[in-house]
Amino acid sequence: METIKVESPANIAFIKYWGQKNHQLVLPNNDSFSMNLSGCKTQVTFEKQTDKKARKLLIKNYQSKEYILASDGEMIKVNDFYDTAKKYLHTDQDFGFTISSENSFPKKAGIASSAAFFSALALAFSLAWGKKLTKKQLSILARLSGSGSACRSIGDGFNWWEKGEDSDSSYAQSIASPQYWDLVDLVAILSKEEKKIGSQEGHKNVFSSPFYQFRLQDVVRRSKAITQAFIKKDFTHFGELMEEEALSMHFVMMTQQPPLYYWSGKTIELIKQLLILRNKGIEAYYTIDAGENLHLICEQKSLLKVKSFLDTNKDVQDIIINYPTEGTKLL
Ligand code: DP6
């Protein structure tokens with residue numbers, strides 16, 4: 001029995017991926033840009049089985065002590081990805097497997113748990129089939145899992161996903177190492193509940209929002225501007241653009257049909273408190289994915305102050321501190 005152990009981080013997008021031009025191939029409508037999260041990792045232990053029918057997915061959730069059997073829905077996604085990977089890798093060999101996945105953070109709470117899992121699985125599958133892929137190929141394979149943002153967890157540090165024209169040109173690449181900028185992402189956990197509607201459902205309905213066409217133009221301008229701020233390490237401008245971007249995506253989410261309200265009252269309250277903190281000269285900016293939890297981004301020099309701001313907030317159940325980190329790797 002062959003065992004492969006891999007680890008992969010979740011990532012937080014500063015420029016978001018929302019909406020696809022091709023659902024089957026998971027081709028996005030715009031480029032996106034993210035940072036890998038050191039405190040939000042998934043470890044996948046992949047045991048190859050000779051019995052081709054033996055397939056099992058075991059999950060150990062955040063703060064849990066034991067593995068539980070995955071739901072049918074989760075198993076279907078893994079089986080679909082197995083078929084996709086087999087095709088992508090041009091192989092007709094089959095095998096069974098036991099996958100044990102362990103998260104260091106709550107899944108389905110807007111912290112890209114599927115990105116961490118599927119990027120790890122892309123590496124595990126390719127190795128199980130005896131293929132040594134380049135980072136570009138791994139990123140494409142991770143994207144094809146259906147969890148598109150998984151393609152941004154492969155490279156180290158900060159990754160840029162070019163939307164591309166077709167499957168071969170749509171992949172993410174590292175544009176800066178983890179050491180490039182000492183940014184910190186403090187995830188303020190306001191709820192550990194799993195989100196009810198997944199991103200993959202949401203991507204399909206973006207054009208029903210009257211604001212989506214505007215977003216598609218505006219995100220191009222913002223992507224250029226945030227690149228300049230990133231090059232100059234101009235944190236104020238970087239943070240302002242990041243918040244503008246989160247709002248742009250959530251306007252679309254809330255105005256598409258059916259609407260997606262990921263924010264809760266606690267989300268808004270915390271944003272208001274953050275604005276007060278900023279007026280006192282402590283620079284932290286927020287972004288939000290498909291969940292009510294807030295990601296507060298600051299520079300290392302402000303970390304202690306931002307952390308104590310969150311420590312004293314009654315709605316914050318937990319804080320996960322993240323630094324930029326390396327991408328998917330074999331352990
Ligand atoms: C809001 O389709 O990659 O996080 O299946 O949950 O991994 P999952 O999501 P995916 O969409 C990501 C949407 C987003 C924005 C982003 O990360 O760019």
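For the stretch 9-21, name all the residues that are within 12 Å of the ligand (Cβ to nearest atom) and of a type outside the set (D, E, K, R). Scanning the stretch 9-21 gives 10, 11, 12, 13, 14, 15, 17, 18, 19, 20.
One line per residue, one yes/no per condition, for (1) of a type outside the set (Gly, Ala, Ser); (2) free of Cβ contacts under 8 Å to residues at least 12 places away in the same chain; (3) over 23 Å from residue 74 (Cβ atoms):
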| residue | (1), (2), (3) |
| --- | --- |
| 132 | yes, yes, yes |
| 136 | yes, no, yes |
| 149 | no, no, no |
| 152 | yes, no, no |
| 166 | yes, no, yes |
| 177 | no, no, yes |
| 180 | yes, no, yes |
| 196 | yes, yes, no |
| 206 | yes, no, yes |
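Here residue 281 meets each of (1) part of a loop (DSSP other than H, G, I, E, B); (2) within 13 Å of the ligand (Cβ to nearest atom); (3) not charged (D, E, K, R) with one exception, condition (2). Residue 40 meets all of the listed conditions (1) over 30 Å from residue 244 (Cα atoms); (2) under 19 Å from the mean Cα position of the chain (by Cα) but one, namely (1). Hey, any hits in the stretch 22-41 for a residue that's surrounded by fewer than 21 Cβ atoms within 10 Å (Cβ to Cβ), near the ligand (Cβ under 10 Å from one of its atoms) and part of a strand (DSSP E or B)? Looking for residues that are surrounded by fewer than 21 Cβ atoms within 10 Å (Cβ to Cβ), near the ligand (Cβ under 10 Å from one of its atoms) and part of a strand (DSSP E or B), one finds none in the stretch 22-41, hence no. Select from the stretch 254-291 the residues that are among the small types (Gly, Ala, Ser) and more than 23 Å from the chain's Cα centre (by Cα) and write down the one among them that is surrounded by the fewest Cβ atoms within 10 Å (Cβ to Cβ). Result: 281. Of all the residues in the stretch 187-235, those that are within 15 Å of the ligand (Cβ to nearest atom) and touching a Ser or Thr at 6+ places or on another chain (Cβ under 6 Å) number 2. When residue 120 is evaluated against the numbered criteria (1) more than 19 Å from residue 330 (Cβ to Cβ); (2) within 16 Å of the ligand (Cβ to nearest atom), which criterion, by number, is the only one it fails? Unmet condition: (1).
Scanning the stretch 72-103 for residues that are under 21 Å from the mean Cα position of the chain (by Cα), within 28 Å of residue 253 (Cα to Cα) and open to solvent by 50 Å² or more (accessible area, probe 1.4 Å) returns 76, 77, 80.
The set of residues in the stretch 219-253 that are open to solvent by 20 Å² or more (accessible area, probe 1.4 Å) and in contact with a Leu (Cβ under 9 Å, 6 or more places away or on another chain) contains only 225.
The values are calculated or read from the model by the stated rules, or taken from the named source; none is laboratory data. Bear in mind that the values here come from a model prediction, so they are computed numbers and not experimental data. Note: ideal-geometry Cβ built from the backbone for every residue, glycine included; neighbour counts use all protein chains shown. Heavy atoms of the whole protein, side chains included, go into the accessibility calculation; ligands, DNA and RNA do not. Shrake-Rupley method; radii C 1.70, N 1.55, O 1.52, S 1.80 Å.
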